[in-house]
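The values are calculated or read from the model by the stated rules, or taken from the named source; none is laboratory data. Note that the coordinates shown come from a computational prediction; the quantities given were computed from them, not determined experimentally. Glycine also receives a Cβ, built like all others from the backbone with ideal geometry; neighbour counts cover every protein chain displayed. Only protein heavy atoms, including side chains, enter the accessible area calculation; ligands, DNA and RNA are left aside. Shrake-Rupley method; radii C 1.70, N 1.55, O 1.52, S 1.80 Å.
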Amino acid sequence: MVSNRLPVDRVTAHDGTPSWKPSPGGLVTALEPVMRSNDGVWVGWTGTADDPQGPFEADGMRLHPVPLSADEIELYYEGFSNDTIWPLYHDVIAQPAYSRTTWESYVEVNRRFAEASALAAAEGATVWVQDYQLQLVPRMLRERRPDLVIGFFNHIPFPAYGLFSQLPWRRQIVEGLLGADLIGFQRRADAGNFLRAVRRLFHVQTPHGRVELPAAGDGKWPNSMSDQPRTVIARHFPISIDASAYTALVEQEAVRARAAQIRHDLGNPSTIMLGVDRLDYTKGIGHRFSAYAELLKEGKLDVDDTVLVQVASPSRERVETYRALRDEIELTVGRVNGEFGTIRHSAISYLHHGYPREEMVALFLAADIMLVTALRDGMNLVAKEYVATRADDDGVLVLSEFAGAADELKQALLVNPHDIEGLKRAMLAAVHMSRAERRARMRALRKKVLTHDVERWSRDFLGALAAARPTPSAVAAAEVE
Ligand code: F6P
């Protein structure tokens, strides 16, 4: 497994004592159970500048750190990954920066990840590269290790060619990805956008999601990066969660008691709405606040019996767009609470923290309505976590049609978060929905999430990868049969 972050980040206490905590974001949450059930090595960054940490074990996983300097964090991670690719791939919600300096750092760091992976991988191993920070790694790795089977999964959207074509390094990115045998995307539309980019840039056909590459050396481009022609497959594989871990937590008495305590601490309102997001401009937190504030203003909701709890976990705090977003969101919270709050009740309970999974499950259980109003989101695993938690077949999911999860969770109340009136209508419909309708919708949602869990996702991806490029041992076994 190769990803920008390892599943744990280094933390250093005030007295200098080091320890490890789970890394932020849905990627690690999804991949950790996959790695626990496979005997493999995980290559990635420890989250700290110039960390001299060598290979180590954590929670039974073998981790191989790739060190990043302070400059590389600024240029490769905060710069090219999160100030260029992230906004570009999320439909330019924020303006991407196109900087040659950050691009050079991205190339250099991708090269180091490829080298570290080439060193860590056994002969004929399967290497699974994750996400937009490492799009050049598949090609760089294939050039170093043609024996490897290489998969790539893009956790975020892949934009339409009209936007992708803005990127000055669009060819290099596509060539980098084509080093893989299988390229996975969240939604069918993402895979379609990528294949269109391949067709537009290289004037080749892509029937049934297949890109046929000619042998290197026959002068055609893109070439296969090997002396044989090669096929690359691009397809969608919607990611999911370890659903059974959530259903197991719901059964814990302490978690259920905590949910009841949360309701009590919030003043036992009739309706608790909940938002849980990394503090990111793609998540539509401001749109959700606007709709909620208008409903309060119009008297359609009342702070005496409604509260919106917003967990906004800190993210990418040194990137200017994220700082500006934090200021904007916190200003809005202050205004809404100032205008509509009372001595007894706040309109919005805003928490700028990350919480352990037990606390999140208790919050999901306590919440009558879950608001996922992303303007663009690869998948949104929080939506699936809420559903997995609601073993009581209760609760209403309001879900943006621009989140990948909307392709699967069709029984949610689907919304266009840009349409504030539509969002208000959906919020009110959720507040007033009958128990019978809540149950029917949640049952259907749960069926989907519980049967399409992360184990199935990784099995599907790895199965398709093995079929796309059988390892020498699989070929030998098939010949014996
Ligand atoms: O899935 C999107 C993603 O960027 C992951 O790659 C990442 O691990 C997570 O969100 C959190 O972001 P970051 O690593 O920048 O804190």
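Which condition number in (1) within 16 Å of the ligand (Cβ to nearest atom); (2) open to solvent by 20 Å² or more (accessible area, probe 1.4 Å) is the one that Val137 fails?
If we test Val137 against (1) within 16 Å of the ligand (Cβ to nearest atom); (2) open to solvent by 20 Å² or more (accessible area, probe 1.4 Å), just (2) comes out false.
To keep it simple, each residue is scored yes or no on (1) open to solvent by 30 Å² or more (accessible area, probe 1.4 Å); (2) away from the ligand (no atom under 16 Å from the Cβ).
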{"position": "Leu397", "(1), (2)": "no, yes"}
{"position": "Ala403", "(1), (2)": "no, no"}
{"position": "Lys447", "(1), (2)": "yes, yes"}
{"position": "Asp460", "(1), (2)": "yes, yes"}
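Checking the condition within 24 Å of the chain's Cα centre (by Cα), within 13 Å of the ligand (Cβ to nearest atom) and either in contact (Cβ under 8 Å) with a residue 40 or more places away in the chain or closer than 27 Å to Val276 by Cβ (or both), which residue from Ile93, Ile85 passes? So that I can check it myself, show each step before the final result.
Values: Ile93 fails: within 13 Å of the ligand (Cβ to nearest atom).
Exactly one of Ile93, Ile85 is within 24 Å of the chain's Cα centre (by Cα), within 13 Å of the ligand (Cβ to nearest atom) and either in contact (Cβ under 8 Å) with a residue 40 or more places away in the chain or closer than 27 Å to Val276 by Cβ (or both), namely Ile85.
Given the options Arg235, Arg256, name the one that is closer than 30 Å to Glu143 by Cα and either outside any helix (DSSP H, G or I) or in the same structural domain as Asp407 (by TED's automatic domain parsing) (or both).
Of Arg235, Arg256, the one residue that is closer than 30 Å to Glu143 by Cα and either outside any helix (DSSP H, G or I) or in the same structural domain as Asp407 (by TED's automatic domain parsing) (or both) is Arg235.
Among the residues in the stretch 310-325, are any away from the ligand (no atom under 16 Å from the Cβ) and open to solvent by 10 Å² or more (accessible area, probe 1.4 Å)?
Filtering the stretch 310-325 for residues away from the ligand (no atom under 16 Å from the Cβ) gives 310, 324.
Right, trim to open to solvent by 10 Å² or more (accessible area, probe 1.4 Å) and you get 324.
Yes, because at least one residue in the stretch 310-325 is away from the ligand (no atom under 16 Å from the Cβ) and open to solvent by 10 Å² or more (accessible area, probe 1.4 Å).
Which of the strands (runs of 3 or more DSSP E) contained wholly in the stretch 347-460 include at least 2 residues that are more than 22 Å from the chain's Cα centre (by Cα) and more than 29 Å from Asp131 (Cβ to Cβ)?
Values: elements: 348-351, 369-372, 396-400, 413-415.
The strands (runs of 3 or more DSSP E) meeting that bar are 348-351.
Could you grab me the full set of residues in the stretch 17-70 that are open to solvent by 40 Å² or more (accessible area, probe 1.4 Å), touching a residue at least 60 places away in the same chain (Cβ under 8 Å) and over 13 Å from Met1 (Cα atoms)?
Once the filter is applied, which keeps residues that are open to solvent by 40 Å² or more (accessible area, probe 1.4 Å), touching a residue at least 60 places away in the same chain (Cβ under 8 Å) and over 13 Å from Met1 (Cα atoms), the stretch 17-70 yields Pro24, Thr29.
Give me the pairs, please: first residue somewhere in the stretch 127-144 and aromatic (Phe, Trp, Tyr) and at pLDDT 95 or above, second residue anywhere and within 13 Å of the ligand (Cβ to nearest atom) and assigned to a helix (DSSP H, G or I), beta-carbon distance under 8 Å, and either six or more positions apart or on two chains.
Tyr132/Ser81; Tyr132/Ile85; Tyr132/Trp86; Tyr132/Tyr89
Taking only the stretch 281-322 into account, find how many residues are in a loop (DSSP other than H, G, I, E, B) and on the phi < 0 side of the Ramachandran plot.
To start, the set of residues in the stretch 281-322 that are in a loop (DSSP other than H, G, I, E, B) comprises 284, 298-305, 314-319.
Pick out the ones that are also on the phi < 0 side of the Ramachandran plot and you get 298, 300-305, 314-315, 317-319.
Number of matching residues: 12.
Quick check on the stretch 163-202: of everything there that is of a type in the set (Gly, Ala, Ser) and assigned to a helix (DSSP H, G or I), which residue is nearest to Pro96 (Cα to Cα)? Step through it out loud before you land on a result.
Filtering the stretch 163-202 for residues of a type in the set (Gly, Ala, Ser) gives 165, 176, 179-180, 184, 189, 191-192, 197.
Then drop every residue that is not assigned to a helix (DSSP H, G or I), which leaves 176, 189, 191-192, 197.
On the way: Gly176: 20, Ala189: 22, Ala191: 22, Gly192: 22, Ala197: 19 Å.
Looking at residues that are of a type in the set (Gly, Ala, Ser) and assigned to a helix (DSSP H, G or I), I get Ala197.
Quickly run through the stretch 206-232 and pick out the residues that are open to solvent by 80 Å² or more (accessible area, probe 1.4 Å) and either aliphatic (A, V, I, L, M) or part of a strand (DSSP E or B) (or both).
Answer for the stretch 206-232, where residues must be open to solvent by 80 Å² or more (accessible area, probe 1.4 Å) and either aliphatic (A, V, I, L, M) or part of a strand (DSSP E or B) (or both): Arg210, Glu212.
Residue check, Asp453 against (1) modelled with pLDDT under 95; (2) among the acidic types (Asp, Glu); (3) open to solvent by less than 60 Å² (accessible area, probe 1.4 Å), all met but one. Which one?
Going through the list (1) modelled with pLDDT under 95; (2) among the acidic types (Asp, Glu); (3) open to solvent by less than 60 Å² (accessible area, probe 1.4 Å), Asp453 breaks only (1).
Inspect all residues belonging to the stretch 345-356 and state whether any of them is more than 16 Å from the ligand (Cβ to nearest atom) and open to solvent by 70 Å² or more (accessible area, probe 1.4 Å). Full working, then the answer.
Of all residues in the stretch 345-356, those more than 16 Å from the ligand (Cβ to nearest atom) come to 345-351, 356.
Going one step further and asking which of them are open to solvent by 70 Å² or more (accessible area, probe 1.4 Å), we end up with 356.
The answer is yes; a qualifying residue exists.
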